[in-house]
Amino acid sequence: MTERRMNSLMKWALILFVLVSIILNIVLIGIHSKRAPKCSAQRTHPLRGKHDDRSLIFADLTREEYSQVQQYMLKQKDLDISSNQITKPSENFLFLIDLSLPKKADALAYLDNEDRKPTREATVVVFHGAKGYIKEYVVGPLPNPIYHRDVTRERYKTELPLSARTVTIGEYALLFQFFETEVFSKLEQLMKESFDVDQHKRLDAFEQMPRGVRSGDRKTWVSFFRGVSGMYIHPVGFEVLVNHESVNESGWKVERLLYNGQYFDTVEDLKQKYNAGSVRKIVYKESPDYGSLKPRNKPLEIGPQLFYPNGARYSVSKNHVLYLGWSFAFGLSSLTGMRVFDVRFKGERIAYELSVQEAMSVYGSITPGMILTKFLDSSIGIGRFAHELVRGVDCPYEATYVDTYRYIDVPAPVLFRNSICIFEHNMGQPLRRHFSDFFHNSYGGMVNSALVFRTITAIGNYDYMWDFIFYQSGSVEAKVHATGYISSSYLVDGSRKHGHQVAENVLGNIHTHFINFKVDLDVLGVKNVFQTKDMEYVNVSLPWMPDHYAMVPQLVENQLKTEQEAALRYNTKTPRYLHIASNKTNRWGHQRSYRLQVFSFTGDHLPESQGEERAMSWARYKVAITKHKDTEQTSSSLYSQNNIWTPAVDFSKYIEDNESIEDEDLVAWVTTGFLHIPHSEDIPNTVTVGNGGGVIMRPHNYFDEDPSIHSSDGVYIGPGSEDSCDNNRMACLAQEMCSPVLEPFTYHGFDGVMKFEDWV
């Protein structure tokens, strides 16, 4: 009886288990069926063009090419070159290896007519400390070089003095040792009482540039800051002027010191007066860590993300990009940064080159660390500081990331992972739209999806975000946004004339940001003209009432003939429409052209009466148009910062010869930027909103109609077709919804940073 009851219970338990299993499976199947399928990694529609290896003539040097060039130069016994990172200024140092761009005519012949491929060469910069000069060499052919030639005078029409060199890691190592032995160790009591500095705790240094007041000077004011997060906004009130003109560090000396707003001639003078109590002492006080970028609140959610439901609509192969109707080659110069070449839309070349040239800032201060400061970033290397981009923050998580190699002030080529990103982006507003309310009801619109090519460079305290944006309307935009830390100085009497106080004893110093872009447009070839268009009001008699008049806007058009006419200064009224035009016409008889539309909020340019202005003379002009020359490749140079009074490149000389710009190959040099008066919201970090500028290259009578009308992104809705997918892919989005397949998050950005502690 008991056994029968047990069997019955087992039977019912088994039936119950089976029923529960069936119900659970039904629930799981239901849940799973509601999940979005994974997005395909394959694009739904084929690319509209083909990748072309001819783009490789603009490609950055490969790791192997860098190494081949380095080894070739080191084998030249007569040059006696070292690649040791801590080479002394008195020795010969291989500072830079970079791509030597081909001549434009040779490149175009190869790109368009499949003529002979231009010889691939590298530029090498050597600081000849033993001989007192700098040389630039062209080395080739790559990848197996067999020759080098000195091109210094060919490029700069002069020799380059050693004093024009960038401060290298080797020189920095000696400077840090100098400060330790000649300053800190002699002021132990002051350093401890004022700054809490001892053998285990140091101050951080930030330099003033230029280094002096005349050619040949190498006298640098160094300001000191607390060694904490965002050290640039933690000045301590101690600055030292060091003379390091000699290539032998034994000849270096301290020339002046500033402590709490008071000047001293020697370290001994400061020490004696400090110990005697005859100076206003700074008493160390621990300050809050207000410069940290660590979130004040724990992140709990992730914001909106970008993904591609039908696969990416662009493709990157080597250094070549295809996107809908666009194609271009790209590179990243160690000195000038981001650049693209052979930019084509629907098969026609729009631009030969679009590139960053220079980033310049002029500061105001009452203290010496900034009173003379004028930063010219290409002299340090703009592209040099393009570190790894953070996935999902610096660029969308699903962007394509590209590695780069660089060789500048290093013993071997350095890999910078994910230092370029490329992505298609919904710009957040329609590219065009119209809702017809009267007579014929309909809606037509198109999302503004564009391709973004980006890198971000962290040059000292400032981070610049560089974007080239390719729109489906045929427009290209080059823009920059600034973020990072402001530069600051210790608050003393009179400081507030040069900025705002942003923390205790901290002044955020007023400064300008000027950015220069090179825009080498080729509008239907290399025979172009420069035109301006604007408006004026004219008093017109009404045709049907001749005795009545009205002020009516009228089109005013001009064609400028020479470089000096086309050098449009910032302090003069500039026509609102600026065009690089061809002599070919569209269907309606208008010259096909591209317009330059500049967005800029710059401050005043440094007066031309100042000796340093020649090194930044490009900033005189909102836009300057010159005839293309291979010898006028850049608007600035590696040597401008440290030889600012006798610059190797003086852009104003490009305009002085006043050549004709009618039916010529034209280059536009565009200056943009903004004035920055720091404020409390710049603590801890300057935001990108409103802090930038740029230029848009827009087709103007280039097409017979807006080319985006042919885009498959267009949407049209008529009465009764609201649910139809025929002309509205948005109506099918719910059925096509998918979830992205995301790569694991990784970051290697600290691999390529300069580690100061390794040098001392």
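The values are calculated or read from the model by the stated rules, or taken from the named source; none is laboratory data. Bear in mind the structure is a predicted one, so any value in this text is a computation, not a measurement. Cβ placement follows ideal geometry from the backbone for every residue including glycine, while neighbour counts extend to all protein chains displayed. Quick note on the areas: whole protein, heavy atoms, side chains included, nothing else; ligands and nucleic acids left out. Shrake-Rupley method; radii C 1.70, N 1.55, O 1.52, S 1.80 Å.
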Given N residues in segment 275-345, what is its alpha carbon radius of gyration divided by 2.2 N^0.38 Å? 2.32
Can you tell me how much longer the chain between HIS748 and THR181 gets when fully stretched, taken as 0.36 nm per residue apart minus their C-alpha distance, in nm with one decimal? 200.6 nm
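Magnitude of the Cβ-charge dipole of the chain, K/R +1 and D/E -1, about the Cα centre, nearest 20 debye? Don't jump to the answer; show the numbers that get you there.
Working: 82 positive and 92 negative charges, 293 e Å.
The calculated dipole for the chain is roughly 1400 debye.
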Any chance you could check the Cα centroid distance between segment 428-463 and segment 137-203 for me, in angstrom? 45
Within segment 162-176, find all residues whose amide N lies under 18 Å from a label point positioned 7 Å from the Cα of GLU249 along Cα-to-beta-carbon. 166-176
Measuring from its Cα centre, segment 483-596 shows a charge dipole (+1 at each Lys and Arg Cβ, -1 at each Asp and Glu Cβ) which, in debye to the nearest 20, is 340
Greater than 27 Å apart at Cα, pairs in LYS157/LYS573; LYS117/LYS318; LYS497/LYS518; LYS318/LYS479; LYS104/LYS584; LYS479/LYS573: LYS157/LYS573; LYS497/LYS518
Can you tell me what share of the DSSP beta bridges in segment 56-159 is antiparallel? A percent to the nearest 5 is fine. 95
What do you get when you divide the Cα radius of gyration of segment 366-452 by 2.2 N^0.38 Å, with N the number of residues? 1.87
Difference of contour (0.36 nm per residue) and Cα-Cα distance, ALA105 to ARG496: 135.4 nm
Using the Cα gyration tensor of segment 642-732, the equivalent ellipsoid's semi-axes, largest first and to the nearest Å, work out to 46, 29, 9
For the chain, whose charge dipole is built from +1 on Lys and Arg Cβ atoms and -1 on Asp and Glu Cβ atoms, the candidate among ALA351, PHE178, HIS425 with its Cα farthest towards the positive end is HIS425
With θ set to phi - 60° and the Karplus curve 6.51 cos²θ - 1.76 cosθ + 1.60, what are the ³J(HN,Hα) couplings of segment 708-720 in order, to the nearest whole Hz, using x for Gly and Pro? 5, 5, 8, 6, 6, 7, x, 10, 9, 10, x, x, x
Helix-only [θ] at 222 nm, the chain, -39500 (n - 2.57) per DSSP H run of 4+, per residue, nearest 500, equals -4000 deg cm²/dmol
Considering Cα pairs under 8 angstrom that are at least six residues apart, work out the relative contact order of segment 56-159 and quote it in whole percent. 24
For segment 582-693, whose charge dipole is built from +1 on Lys and Arg Cβ atoms and -1 on Asp and Glu Cβ atoms, the candidate among ILE683, ASN643, HIS628 with its Cα farthest towards the positive end is HIS628
Calculate the FRET efficiency for HIS440 and GLN559 from the Cβ-Cβ distance with a Förster distance of 45 Å, rounded to the nearest 0.05. 0.60
Extended-chain gain in nm, criterion 0.36 nm per residue less alpha-carbon gap, THR266 and ASN310: 8.9 nm
Considering all projection directions equally, how large on average is the shadow of the alpha-carbon convex hull of segment 392-551, in square nanometres? 22.2
How high is the FRET efficiency from HIS710 to ARG576, r the C-beta distance, R0 45 Å, rounded to 0.05? 0.95
Residue ranges of DSSP H helices in the chain that stretch 18 Å or more (Cα, own long axis) and have mean Kyte-Doolittle hydropathy of at least 1.0 are 2-34
In this structure, the FRET efficiency calculated for ASN586 and ARG149 from their beta-carbon separation, with R0 = 51 Å, to the nearest 0.05, is 0.65
By accessible area of protein heavy atoms, probe 1.4 Å, what ranking do SER739, SER593 get, highest first? SER739, SER593
For segment 289-328 versus segment 661-708, the gap between their alpha-carbon centres in whole angstrom: 22
Cα-based equivalent ellipsoid of segment 56-159: semi-axis lengths in Å, sorted from largest, via gyration tensor: 28, 15, 10
Quick one: P(r) of segment 307-348 from all Cα-Cα pairs, 10 Å bins, percents rounded to integers, in order of increasing distance. 26, 45, 26, 3
Per residue, how much space in cubic angstrom lies within the convex hull of the C-alpha atoms of segment 123-274? 159
